[in-house]
Amino acid sequence: MTVPLTTQPGFTRALAAVRGAEIGLLRAVALDLVAVGEGDALRELGPEAIELIRSATGPVSVELQAHATADGATTFLGRASHGIAVSAHLSLVAGEPREYLRATIRLVGTHGSVLVDLLRPLLDVRTAAGARQVRFGPPGTQIPAADAADTLSAIAESARSGRAKSTTW
Amino acid sequence: MTEHESPLGVGIVGVGGIALSHMAALRAMTSAQLVAVCDVDAARATEVAHLQRCTGYGSLEELLADDEVEAVIVCTPNMTHEQLGVQVLRAGKHLLMEKPLALTSDGARTVAAEATARDLALAVGHSHRFSDQSLAIRELIDAGDIGTPRFVRIVMNGGWIWPGWQAWMLNPELSGGHSLHNGVHLVDLASWWMGEPATSVFSVGQHATSEALEIHDYLVMELGFASGGSAVCEISRGERPRSTGYLELTVVGTDGIAARTWDAEGVLAWTDAGLTAWSVTGSADRTFVRELEAFVAAARREADVVPPLSAAIHAVDIAVASEESLRAGRTIEIGAPA
Ligand SMILES: NC(=O)c1ccc[n+]([C@@H]2O[C@H](COP(=O)([O-])OP(=O)(O)OC[C@H]3O[C@@H](n4cnc5c(N)ncnc54)[C@H](O)[C@@H]3O)[C@@H](O)[C@H]2O)c1
């Protein structure tokens, strides 16, 4: 989990598609991040998740409802500015090595959509000893990190209270 | 068919789009046989009856009076389900009701109570439960391979498939809105895989194709469960290009993930329609046969109905709450299921 997902070349390309209106106007974002690791998923994966979403929607206000399991797996659905539907799921599966099991983002526009597997590009290596995957390619452009603390506490608060919360990212 | 040598006599009410799938399934079965059809469009009933080599009626009363009809599949628009369902059950026939069971929670319970009182099988056509992929996911969960499920994401996004402005699907009074019309399928799968009923719903909808639409052709429902688990159910008929067909089924458990990705069937095609994933013959074909076989087994008292009636009622409760969430813009809590 060392390479930031925001620099993944497929994501960079997808962002260009959003900015260039190749898929029309953005109307939904769906993100799933599941990794092997310990601790609270919102704390571990949340900053990167918000970064990925914010870089697609831009800085917007959002009304969201979150849910969390006792061990910290977190989901939220929100209605962001311009009615953009944003959903995300973040969870950790205990074990080693610490790596992503799934990292996908889907950007839905008025005139098309893009699905990015944030773990690609990769080679599928299958041998008699088993199967493994080897990532390749240079990382894309680094997106400047912004503070996600307020958003993450709004998500945690919504999950705790069972109520929708307003926030910005 | 060990004990029952003769196939179950089935009548179909409403011979429009989905009836074709049921008729095709019946042709592939030996445990049940199509004996009659009826439709308010009597000419259509006659034409279909001729092609299917069965009896055609212009009214439900005539079909119900036919002694050869032991069980009925109701394939009429959603707003007719409650009334026709009660009528079929009162005539002493087993009932496979197309989804949703009814447009309201009370209506769903009224039909269910009628079936229980008369000791008749009442199944609801949550056909997605019977697909190869849905069953495979449930088997993985039951085997404990991914641990305890804590998140389900279901996406069924497509382009426009409905006819003109007068189509009943587009009128929330007649279809119940998109949550009831298609949303119930996703709600049923999510609750089934999670292994518990949902306790809250928060929905976001869009009129993607046209602002003038009264239904949300793009709909995302977030379900909350008592365990803290959750599900995101996304259904669209408003994608561009119109040829869009995107399917994703993901279950995240405490020990891992099972995901049926868009290209899971392994056939990618580049045509004038762009890049598309083609389905493989056989992967969906058995869905309606399985659904009907389960119904026949329930009518014969050899098995319980699938899905359980409580699940079909729950799907209506959640869908009704989802429509309320869309109107009110807030999370709606759901009471205990029936
Ligand atoms: N399980 C699935 O995947 C699935 C898919 C599509 C539709 N459906 C459900 O099936 C039902 C029918 O949908 P459809 O797309 O086939 O609709 P449709 O409009 O194509 O067909 C409905 C038919 O019912 C007839 N009809 C209407 N009122 C009637 C009445 N009172 N008595 C007799 N006939 C009547 C109409 O004339 C028409 O022929 C709906 O409840 C829908 O939600 C389920």
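So that you can scan it fast, the table gives a plain yes or no per residue for (1) touching a strand residue (DSSP E or B) at 6+ places or on another chain (Cβ under 8 Å); (2) under 17 Å from B:Gly125 (Cβ atoms):
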| position | (1), (2) |
| --- | --- |
| B:Leu8 | yes, yes |
| B:Ile18 | yes, yes |
| B:Arg44 | no, no |
| B:Gly58 | yes, no |
| B:Glu70 | yes, no |
| B:Pro77 | no, yes |
| B:Glu82 | no, yes |
| B:Leu103 | no, yes |
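Looking at the structure I just gave you, is B:Ser131 surrounded by fewer than 23 Cβ atoms within 10 Å (Cβ to Cβ) and either within 11 Å of the ligand (Cβ to nearest atom) or of a type in the set (D, E, K, R) (or both)? Let's see the steps before the verdict.
Working: surrounded by fewer than 23 Cβ atoms within 10 Å (Cβ to Cβ): yes; either within 11 Å of the ligand (Cβ to nearest atom) or of a type in the set (D, E, K, R) (or both): yes.
Yes.
What number of residues within segment B:190-202 are out of contact with any Lys or Arg (no Cβ under 9 Å at 6 or more places or on another chain) and open to solvent by 20 Å² or more (accessible area, probe 1.4 Å)?
Residues meeting the conditions: 4.
Find the residue count for segment B:62-100, including only residues that are open to solvent by less than 10 Å² (accessible area, probe 1.4 Å), assigned to a loop (DSSP other than H, G, I, E, B) and more than 10 Å from the ligand (Cβ to nearest atom).
Within segment B:62-100, the subset open to solvent by less than 10 Å² (accessible area, probe 1.4 Å) is B:63, B:69, B:71-74, B:78, B:81, B:85, B:88-89, B:95-97, B:100.
Adding the requirement that they be assigned to a loop (DSSP other than H, G, I, E, B) leaves B:69, B:100.
Checking which are more than 10 Å from the ligand (Cβ to nearest atom) leaves us with B:69.
Total satisfying the criteria: 1.
Condition test on B:Gly256, is it touching a residue at least 60 places away in the same chain (Cβ under 8 Å) and over 30 Å from B:Val316 (Cβ atoms)?
Numbers: touching a residue at least 60 places away in the same chain (Cβ under 8 Å): yes; over 30 Å from B:Val316 (Cβ atoms): yes.
When the stated conditions are applied, B:Gly256 passes them.
Here is a check on your reading of the model: is B:Ala43 within 15 Å of the ligand (Cβ to nearest atom), assigned to a helix (DSSP H, G or I), surrounded by 14 or more Cβ atoms within 10 Å (Cβ to Cβ) and more than 14 Å from every other protein chain (Cβ to nearest Cβ)?
Values: within 15 Å of the ligand (Cβ to nearest atom): yes; assigned to a helix (DSSP H, G or I): yes; surrounded by 14 or more Cβ atoms within 10 Å (Cβ to Cβ): no; more than 14 Å from every other protein chain (Cβ to nearest Cβ): yes.
No, not satisfied.
For (1) within 9 Å of another protein chain (Cβ to nearest Cβ); (2) touching a Leu at 6+ places or on another chain (Cβ under 9 Å); (3) more than 26 Å from B:Cys75 (Cα to Cα); (4) open to solvent by 40 Å² or more (accessible area, probe 1.4 Å), each residue gets a yes or a no:
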site: B:Val204; (1), (2), (3), (4): yes, yes, yes, no
site: B:Glu234; (1), (2), (3), (4): yes, yes, no, no
site: B:Pro241; (1), (2), (3), (4): yes, no, yes, yes
site: B:Thr250; (1), (2), (3), (4): yes, no, yes, no
site: B:Asp272; (1), (2), (3), (4): no, no, yes, yes
site: B:Arg286; (1), (2), (3), (4): no, no, no, yes
site: B:Arg290; (1), (2), (3), (4): no, yes, no, yes
site: B:Val296; (1), (2), (3), (4): no, yes, no, no
site: B:Ala303; (1), (2), (3), (4): no, no, no, yes
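Out of the residues in segment B:138-178 that are closer than 12 Å to B:Asp217 by Cβ and within 14 Å of chain A (Cβ to nearest Cβ), which is most open to solvent (accessible area, probe 1.4 Å)?
Looking at the filtered set, the residue picked out is B:Trp160.
The values are calculated or read from the model by the stated rules, or taken from the named source; none is laboratory data. Note that this is a predicted model, so its numbers are computed, not measured. Ideal geometry is used to build each Cβ from the backbone, glycine not excepted, and the neighbour counts take in all protein chains shown. Remember, those area values only see protein heavy atoms, side chains included, never the ligands or the DNA or RNA. Shrake-Rupley method; radii C 1.70, N 1.55, O 1.52, S 1.80 Å.
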